[in-house]
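Scroll down for the structure; my scribbles are underneath it.
Throughout, read-outs are computed from the coordinates displayed, never taken from laboratory work. All of these numbers come straight from a predicted model, not from anything done at the bench. Here the Cβ is made from the backbone with ideal geometry for all residues, glycine too, and neighbour counts use every protein chain on show.
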Amino acid sequence: MDDWYRRWACLGAGHCRWHWTGGRPAAWSSFRRTGRRPVSAEGPWGVKGQKTLSRPVVWAQAGAVRTLWNGVISFGLVAIPVGLSAATESRSISFRQVHRADGARVRHERVCTVEDRRVPWEEIAKGYELPDGRMVVLSEDELAELPLPSAHTIEVAEFVPADAVYPILFDRSYFLQPHQVALNAYGLLRDAMTDTGHVGLGRVAIRTRERLALLRPYGPGICLVTLLWPDEVRKPDFGWLTDQAPQPREQKQRMAEQLVLSLSSTTFDPSGYRDHSREALQALIDAKLAHRQIAVPEPRTQEAADLEEALRVSLDQARQTRTGGQRETG
């Protein structure tokens with residue numbers, strides 16, 4: 001087994017650290033102690049995790065992980081104390097606003113539009129503007145005291161098949177890390193969802209904002225995905241497609257299906273894809289630092305071709321790529 005399995009260790013309620021486990025993963029060490037054989041679980045891309053009822057292993061970045069929320073998962077009469085931390089982070093190149101002439105950073109000041117003076121942070125509050133221009137001022141204490149049952153409890157209202165929730169509703173992903181006293185219950189919930197192919201649905205309030213929440217197994221842990229509310233998803237206007245789009249010939253339909261199958265993979269590995277925009281932006285920054293002129297690629301032009309001929313050529317290229325070796329995803 002690889003030496004880069006990581007295990008979550010708890011130093012007490014709300015005080016947790018992450019450390020490496022050398023050699024065999026912690027689940028196998030648990031097997032030697034308890035006799036329970038771990039089974040494979042979906043883990044981070046390209047890594048096989050292990051799960052066991054007695055010692056769940058949670059994947060996360062090495063080092064300290066900031067907990068955004070502490071509470072319990074509640075389903076039926078079972079309560080599982082957990083902490084919630086972000087599962088993703090942005091790797092985009094960030095910019096500062098600067099003065100074009102000299103490159104100096106631009107400072108933005110908070111100025112009161114009535115008193116025409118700078119306002120310090122301790123005097124800043126949140127305001128809700130009414131249609132007539134009046135403002136309802138809300139303090140941090142008032143927002144923190146909103147009567148939200150989900151402020152400290154993720155109450156699982158129902159379990160549904162994993163493919164029943166359409167991905168367009170997915171918002172942000174988080175890791176749910178169990179407290180030491182809840183390892184067994186946490187593992188039971190994770191394994192029950194894995195074995196039944198179901199995910200849990202409930203609510204969670206993060207920073208005073210309540211969201212729909214989806215709980216699903218992720219490797220030897222549980223991942224929480226916040227969902228958009230139904231009124232936050234726009235309704236598409238695809239009616240004109242059924243009225244104006246011509247029906248393809250049966251031969252073209254078969255060729256299109258063959259092309260899809262020839263480009264198909266059994267698994268999805270996002271590490272095979274590259275962020276071309278970030279690479280190009282970094283190359284531009286490096287060239288500016290070195291006072292070099294960056295080469296601008298010629299725009300690619302694609303000649304209009306007959307649909308059937310385009311499908312036939314694409315199929316031939318896909319077959320050659322599959323025969324010659326692994327397909328490059330870019």
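Peptides 249-260, 174-185 ranked from most to least packed by the mean count of surrounding Cβ atoms within 10 Å: 174-185, 249-260. Bridgeable aspartates and glutamates around K288 (alpha carbons under 18 Å apart, same-chain partners fewer than 8 residues away excluded): D102, E279.
Each other residue within a Cβ distance under 14 Å of H99 adds +1 if Lys or Arg and -1 if Asp or Glu, for a net charge of +3.
Summing charges over neighbours of D116, with a neighbour being any other residue whose Cβ is under 14 Å away from its Cβ, gives +1 when K and R count +1 and D and E count -1.
Positive contributions from Lys and Arg (+1) and negative ones from Asp and Glu (-1), summed over other residues with Cβ under 14 Å from the Cβ of L227, come out at 0. Restricting the calculation to Cα atoms, every distinct pair contributes to the Kirkwood radius of the stretch 103-199, found to be 19.3 Å.
Inter-label distance, A162 to L77: 3.1 nm, where each label sits 7 Å from its Cα along the C-beta direction.
Sorted ascending by nearby beta carbons within 10 Å, beginning with the fewest, I73, I285 become I285, I73. Work out the FRET efficiency for N70 and A283 from their Cβ-Cβ distance, taking R0 = 30 Å, and round it to the nearest 0.05. Computed FRET efficiency for N70 and A283 comes out at 0.10.
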